[in-house]
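Student: The structure that follows is given in the form of structure tokens.
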Amino acid sequence: MVLYKEPKKICERKIIQNRLTDFRELVEGNFECVRLGRRVVLFCNEEGKLKNLPLNVPLGEDPIHGPLIVCGEKEKDSHFGVAQSLPELSYIYYARIFNATMFDLP
């Protein structure tokens, strides 16, 4: 299970297959990975800003545009390279942060 967030919507849990095509479909194109913490990775559209996708969450100096996925860090024996699930405490932590920031967006 992963955390999935679309612009101007609250976070939701999603069960997705550990396949490249599934990640591309959810972030609406090619993606980039951003490490959020120990064993936690964010996937977002690598050209979200250039494609003028809607602002989703502020993240440092470069906000995330378009949908995003947060999941556990890759496992060594995983074919694509990400864990299928995000630990519950991590889900709650990031969902609270991302849901709170959506009210600050234009």
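Student: Return the total of residues in the stretch 22-39 being part of a loop (DSSP other than H, G, I, E, B) and aromatic (Phe, Trp, Tyr).
Tutor: The number of residues fulfilling the criteria is 0.
Student: Still on this structure: Of the conditions (1) at pLDDT 95 or above; (2) closer than 22 Å to Arg96 by Cβ; (3) exposed (fewer than 15 other Cβ atoms within 10 Å of the Cβ), Arg38 clears all except one; give me its number.
Tutor: It fails just one condition, (1).
Student: Has the stretch 67-88 got at least one residue that is at pLDDT 90 or above, part of a loop (DSSP other than H, G, I, E, B) and either crowded, with 17+ Cβ neighbours inside 10 Å or under 14 Å from the mean Cα position of the chain (by Cα) (or both)?
Tutor: Yes, the stretch 67-88 contains a residue that is at pLDDT 90 or above, part of a loop (DSSP other than H, G, I, E, B) and either crowded, with 17+ Cβ neighbours inside 10 Å or under 14 Å from the mean Cα position of the chain (by Cα) (or both).
Student: Under the condition of being out of contact with any Cys (no Cβ under 7 Å at 6 or more places or on another chain) and of a type in the set (A, V, I, L, M), which residue from the stretch 43-64 is surrounded by the most Cβ atoms within 10 Å (Cβ to Cβ)?
Tutor: The extreme case among them is Val57.
Student: Taking only the stretch 40-66 into account, find how many residues are over 15 Å from Pro7 (Cβ atoms), in a loop (DSSP other than H, G, I, E, B) and in contact with a strand residue (DSSP E or B) (Cβ under 7 Å, 6 or more places away or on another chain).
Tutor: Residues meeting the conditions: 1.
Student: Another one. Given the conditions (1) within 14 Å of Lys74 (Cβ to Cβ); (2) touching a residue at least 40 places away in the same chain (Cβ under 8 Å), and given that Gly37 satisfies all but one, which numbered condition is not satisfied?
Tutor: Only one criterion in (1) within 14 Å of Lys74 (Cβ to Cβ); (2) touching a residue at least 40 places away in the same chain (Cβ under 8 Å) is unmet by Gly37, namely (1).
The values are calculated or read from the model by the stated rules, or taken from the named source; none is laboratory data. These numbers come from a predicted model, not from an experiment. Counting neighbours? That spans all protein chains shown, and the Cβs are built from the backbone with ideal geometry, glycine included.
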